[in-house]
Amino acid sequence: MAKDSIFTKMRKKLDKEFAEEITAKEQAEKEAARAEKEAAKAARIEAAKAKYKEERTITVRKFFEIAGLDLPGHIADIADVEISGFTADPKRLDEKAIFTYWGGPQTSKYDYDAFAKAAEMNCLLILTDTPCDYHHHVLFPETENYEDSSVRNAYVAVSEYIRNIHKAKIITVTGSVGKTSTKEMLEAVLRQHYKNPLVSRGNKNSMFAVTENIQNLKRTTAVYMQEVGAASPGVVRISAEQLACDIAVYTNIGLSHIENYGSVEEIAADKLSLSTYGRPDGVAIINMDDPVLMGHKFTQKTITYSLDNDKADYYIENMKKSGEGYDFTIVDNLSRPAKKIPARVNVLGEHNVLHAAAAMAMGRCLGLTDEEITAGIAAYSPSGMRQNLVSMGGYQIYVDCYNASLSSIDTSLDTMNEMSLPGEGGRRIAVLGDVLELGDIAEETHREIGRVIAKHKPDLVLAYGSDMKFAVEEAAAQGIDARHFETKDELQQVLKSTVTKSDITLFKASHGMNMGSCMDAVFGTDINEKSIIGQKKYRLETMGDFEFYIFENSASVRKYLGEGPSCEIPAYIEAVPFGSETGETRRLAVEKTGRTAFRDMPHIKEVILPETLVCIRGGSFKGSGLTNLKAPAGLLHISGEAFAQCPDLEAVELPAGILEVAENAFEGSEKAKITYR
């Protein structure tokens, strides 16, 4: 084979160099184009951020402009002050916030002077149609129809403005029963797809909460889900106007709050305004099993769901109980042909399977995959005061006492019947309290509750409340072992002497009955108190060297304020219970030590605990200088890290009857030696 000539070699070399030069040039051009594209993208993002910041910055002057109001001259000195927010709840104010107060429905009745509270919070400005003497206030004319109120309409207009500068899809959930548990399952589905969805917490469903959450929207928020509750006529409509939702999910329309509304029709009209004022191209997802919902003409497109009605767009078939949950198929009738999706929910109660059908409908509306939706349904787990099966020291407690109605009591009893008894000879015990806000139909409804109880045949019913005596009469007449108690103390004594570790005990009542306090007192749980503190249903009061949480029926140590190395916690304190209508002082038992009671207090060496103490909450003594502990005979529960990182703690004496000590209760307290008496 002939060798390349010198000329050929030189040409190949030049060709290679030229090709490399072209390649380098092309690469440089590509890099420059990519850099230019990235710079343009970064510039667009920065421009979007700057535009958003400008739109989202609201001064007093801008607030008035958005609301379509003239700025009065007497507040010119604060016209260009940037506000931190606005609210109709004076407890949520700060020094840069606007307080809006108008006549007409509010989500709750103030049990204090609203203007005095606003003044105490030193808010920036008050807008009102009621005369007040605050130094910065604007008084608008009072109107016969509250919907014509300038203050009310300003409140809505600024909320709408903030909502409209965000791209988030907005989902609302409402109904008389089951809205919070439905919302929590929908949230479990959303979190399979969205990184940081904004979701209303707990049962924070008032107009106040809606306004606060709208102001919490971020530029990057992709989806925002809000539970919406009804308290009095017109309240839901205000939230509906503020939210202008894309998807409205309805569970049912029942008798809750009928005392304030007067009729089911009025309740329906208010709740269904979420769709009336929703996006015209939005969707209403409605429970086909509810006749009131099915009788309403919706302005939005409707999608129906059902437990077993095969005419619904999404319904359930082949439901089978399996362990502590259900396997089932969700039928999608909107697909052609109909599609069947296998799913599982890992909690008992057929209502949770119904929630799964609603979750599938919502997920499909948002474009989620079937895998994401079913994974969210399987991940759902109740917590807190709703449908929560709790084990405490071997006792099985079914906690469902955040709220109640005739239908939810029926559902809770049905769910309890599905649960396996923990031991031989065990019983199903229902601890029930009044269903509130029923007005003139209270006796009739509670007698019907008695008949529902008889249908489910629990082994024992222990009831408390002035109206629950009617339910007990009806249930007892049909052979049920049902007993009524005049006081919670009597109820608690019977619970302590009656319930065994072979039983399942259901707690069910309207939240206002505070039946969870019995559960905490009898079993040493912390669920009720955490819920009460989370909902701010307490008052703080300082007595001697202690700051106490004051609740309706008990007290807890919030913090030790003393400087001394030793102290004694009183067993009882004299105080006006939280929410008392009479203002009379009562003797309240001190039942718990709070999470910050003695935390990080190296100077405290000895604490004498009261005989009334049933629970030491997590972190109570963490990092303290405690040297020994002698727990009272009635102590039932010690939570996680209660005595963690206590280097000087040595002798620990606990009662033999204590139900539970968390594994990490004494973590890092190396010298601690535990004995039982």
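The values are calculated or read from the model by the stated rules, or taken from the named source; none is laboratory data. All figures in this text were calculated on a predicted structure; none of them were measured in a lab. Don't worry about glycine lacking a Cβ; one is built from the backbone with ideal geometry, like all the others, and counts go over all protein chains shown.
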Going through segment 1-20 in order, the residues found to be at pLDDT 70 or above and either of a type in the set (Gly, Ala, Ser) or in contact with a strand residue (DSSP E or B) (Cβ under 9 Å, 6 or more places away or on another chain) (or both) are Ser5, Ala19
Checked pairs for segment 607-618, first more than 16 Å from Leu588 (Cα to Cα), second among the aromatic types (Phe, Trp, Tyr), C-beta under 9 Å and 6 or more apart or across chains, list as Val607/Tyr560; Val607/Phe598; Val607/Phe621; Ile616/Phe643
Checking Leu495, Leu438, Leu506, Leu432 in turn, the sole residue that is touching a Lys or Arg at 6+ places or on another chain (Cβ under 7 Å) and outside the structural domain of Pro577 (by TED's automatic domain parsing) turns out to be Leu432
Residue set Gly623, Gly634, Gly668; condition out of contact with any helix residue (DSSP H, G or I) (no Cβ under 8 Å at 6 or more places or on another chain), surrounded by fewer than 22 Cβ atoms within 10 Å (Cβ to Cβ), at negative phi and part of a loop (DSSP other than H, G, I, E, B); output residue Gly634
Result of the Cβ filter at 7 Å on segment 63-83, keeping first residues that are farther than 17 Å from Ser149 by Cα and in contact (Cβ under 8 Å) with a residue 60 or more places away in the chain and partners that are part of a helix (DSSP H, G or I) and not small (Gly, Ala, Ser), at least 6 apart or interchain, is Ile75/Val60
TODO: Kindly indicate whether any position in segment 526-548 is in contact (Cβ under 8 Å) with a residue 60 or more places away in the chain, farther than 22 Å from Asn205 by Cβ, of a type outside the set (Gly, Ala, Ser) and touching a strand residue (DSSP E or B) at 6+ places or on another chain (Cβ under 7 Å).
DONE: yes
Of the residues in segment 407-465 that are among the charged types (D, E, K, R) and modelled with pLDDT under 90, the one that is farthest from His511 (Cα to Cα) is Glu418
Would a scan of segment 387-396 turn up a residue that is hydrophobic (A, V, I, L, M, F, W, C) and either crowded, with 24+ Cβ neighbours inside 10 Å or at pLDDT 90 or above (or both)?
no
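Being in a loop (DSSP other than H, G, I, E, B) and touching a helix residue (DSSP H, G or I) at 6+ places or on another chain (Cβ under 7 Å) narrows it down to one of Leu436, Leu413, so name that one.
Details: Leu413 fails: in a loop (DSSP other than H, G, I, E, B).
Unique residue meeting the criteria: Leu436.
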Subset of segment 524-539, residues among the hydroxyl-bearing types (Ser, Thr, Tyr) and within 13 Å of Arg386 (Cβ to Cβ), comes to Ser531
Condition set surrounded by fewer than 17 Cβ atoms within 10 Å (Cβ to Cβ) and among the acidic types (Asp, Glu), scope segment 307-342, selection nearest to Thr374 (Cα to Cα): answer is Asp327
Taking segment 461-501 and keeping only residues that are within 31 Å of the chain's Cα centre (by Cα) and closer than 19 Å to Leu421 by Cβ, one is left with Val461, Leu462, Leu495, Val499, Lys501
The lone condition Leu366 fails out of (1) under 20 Å from the mean Cα position of the chain (by Cα); (2) at pLDDT 95 or above is (1)
- Tell me, yes or no, whether segment 119-126 has at least one residue that is in the same structural domain as Gly68 (by TED's automatic domain parsing) and part of a helix (DSSP H, G or I). yes
message = Tell me yes or no: at least one residue of segment 532-540 is surrounded by fewer than 23 Cβ atoms within 10 Å (Cβ to Cβ), among the polar types (S, T, N, Q) and assigned to a loop (DSSP other than H, G, I, E, B).
response = yes
>> With the structure loaded, tell me whether Phe578 is of a type in the set (Phe, Trp, Tyr) and crowded, with 23+ Cβ neighbours inside 10 Å or whether it fails that test.
In response: no
Filtering segment 348-383 down to residues that are touching a residue at least 12 places away in the same chain (Cβ under 8 Å) and on the phi > 0 side of the Ramachandran plot yields Gly349
For segment 291-320, the count of residues that are among the basic types (Lys, Arg) and under 28 Å from the mean Cα position of the chain (by Cα) equals 0
Matching residues in segment 469-516 (in contact with a helix residue (DSSP H, G or I) (Cβ under 6 Å, 6 or more places away or on another chain) and without any contact (Cβ under 8 Å) to a residue 60 or more places away in the chain) number 11
Based on what the data block shows, is Phe7 out of contact with any Pro (no Cβ under 6 Å at 6 or more places or on another chain), hydrophobic (A, V, I, L, M, F, W, C), surrounded by 10 or more Cβ atoms within 10 Å (Cβ to Cβ) and free of Cβ contacts under 8 Å to residues at least 60 places away in the same chain?
-> no
Of the residues in segment 41-88 that are of a type in the set (Asp, Glu) and in a helix (DSSP H, G or I), the one that is modelled with the highest pLDDT is Glu65
